[in-house]
Amino acid sequence: MKRILAMIFGACLTASPSVAQELIAEYYTSLGAEDMRNSQGQRLGDFCAVVQQDRANFHRFGIRHDGDQSDPVFASREMRARIAGRCRIMPGSEYLPEWVLTGRSRYIWVRVYGIGGQPTELLISEGAG
């Protein structure tokens, strides 16, 4: 029994502390028709892919809509790739993915959370205005 308790105690001492996410960026952007297709012109079927294409259009291709803001995170292809699968729709904005995927432009507010400057989650809600 003492041996088991010693092993558990030792494991607790060597376990790394959990690191809290922090807000690393936030921006408003308009998701328009250009954002709903990838660079090859194929229609996107995933809301997070539309958000990712919006950032590629903004940073790489210079395609910007009224109200689009810059962000300090997604200028590189590698960082934009981190958007995939990390979008979380905030309560009250649950309709956004369906609206966007049916071709309707929307103005959104994106809050990027991460650890050590690396994005781990994008919280998305309808933008004001």
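If you plug each phi of segment 26-41 into the Karplus form 6.51 cos²θ - 1.76 cosθ + 1.60 with θ = phi - 60°, what whole-Hz ³J(HN,Hα) values come out, in order, with x for Gly and Pro?
8, 7, 9, 7, 9, 8, x, 4, 5, 7, 8, 10, 7, 5, 8, x
For segment 44-129, what is the percent of antiparallel DSSP beta bridges, rounded to the nearest 5?
Working: 8 of 11 bridges.
Within segment 44-129, antiparallel bridges account for around 75 percent of the total.
Quick check: residue separation of GLN118 and ARG37 times 0.36 nm, minus the Cα distance between them. What number comes out in nm?
Result: 26.6 nm gained on full extension.
Using modelled amide H (1.01 Å from N, peptide plane; none on Pro or chain starts), what sits under 5 Å from the amide H of GLU121, excluding residues fewer than 5 places away?
TYR113
Report the label-to-label distance for GLN21 and GLN69 in nanometres (one decimal), using points 7 Å from each Cα along the Cα→Cβ vector.
Those two pseudo-labels are separated by 1.9 nm.
FYI, it's all coordinate maths here, none of it is from the lab. What you see is a predicted model; the values in this text were computed from it and never measured. Counting neighbours? That spans all protein chains shown, and the Cβs are built from the backbone with ideal geometry, glycine included.
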